[in-house]
Every structure is written in structure tokens, then in C-alpha cells.
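Here, each number is a calculation from the coordinates, and none is a lab measurement. Predicted model, so just to flag it, every value in this text is computed and none were measured. All Cβ positions, glycine included, derive from the backbone under ideal geometry; neighbour counts span all protein chains shown.
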Amino acid sequence: MSVCAAGAQAACKEKRSRDPSFIELAVADDSIRPSGVEDFAFVTDDVTYDQLVARVGPPDASQGNARLSQYIWCFADGTELNVYTRDRVVIEQIRHAGKPIYKRKKK
């Protein structure tokens, strides 16, 4: 894991240390990693969660409940990018630093 990624993951962990639903995930050292929020700009209603992970790399953490899962990518500046999915296939929403950058259209 690069120094930048390790520092980013530590910032996420510190920020959420009291949240029992936050689960830090193991990310292999040779995994591809997003360089920033712009790496997620390609997401459309046709992109699946697995396609997203194949392109930007695995999340640093997860959180959620029985109805909605949240996968978290941590950045060196201390911000988080959150991907929300109900079934780990369809991406419902992506938020960065609390602001929506993608929201699935209603069908």
C-alpha cells in the first residue's frame, strides 16, 4: 500500500473510530487505487458496482444496514467517497465529502 493510501485510510479510520457499523477492509498492496474523485466520473446508470471496482480498485471500508450498503474510498485529503448500493450490483448514489456526484435516475 502506498504512503498516500495508508495515510488516507488512517484518516478514515480515525474519523469513524466510534462507529460500530464501520468495517475497514483489507486492500492488497498491488491493488489499483483511485487518484481522486474524478476517477469516478465515468459512472452512469449502466455501470455496475463490480465494473466500478474493476476500474478504480476496491474500497477501503464498508458500512450499512440490511437495506443499503455503503462502500467507502478514503482520500489523502481526509475526504471520503461513498458508493451506495442495495444489491452490490446497481449503484444507487455516489457522494464525495457529503455532496452527490452521481444519483441513479428513477425508472
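Worth a mention:
- The charge dipole of the stretch 3-103, taken about the Cα centre with unit charges on the Cβ atoms of Lys, Arg (+1) and Asp, Glu (-1), comes to about 400 debye, rounded to the nearest 20.
- Cα-based Kirkwood hydrodynamic radius, the stretch 3-103, one decimal, Å: 13.6
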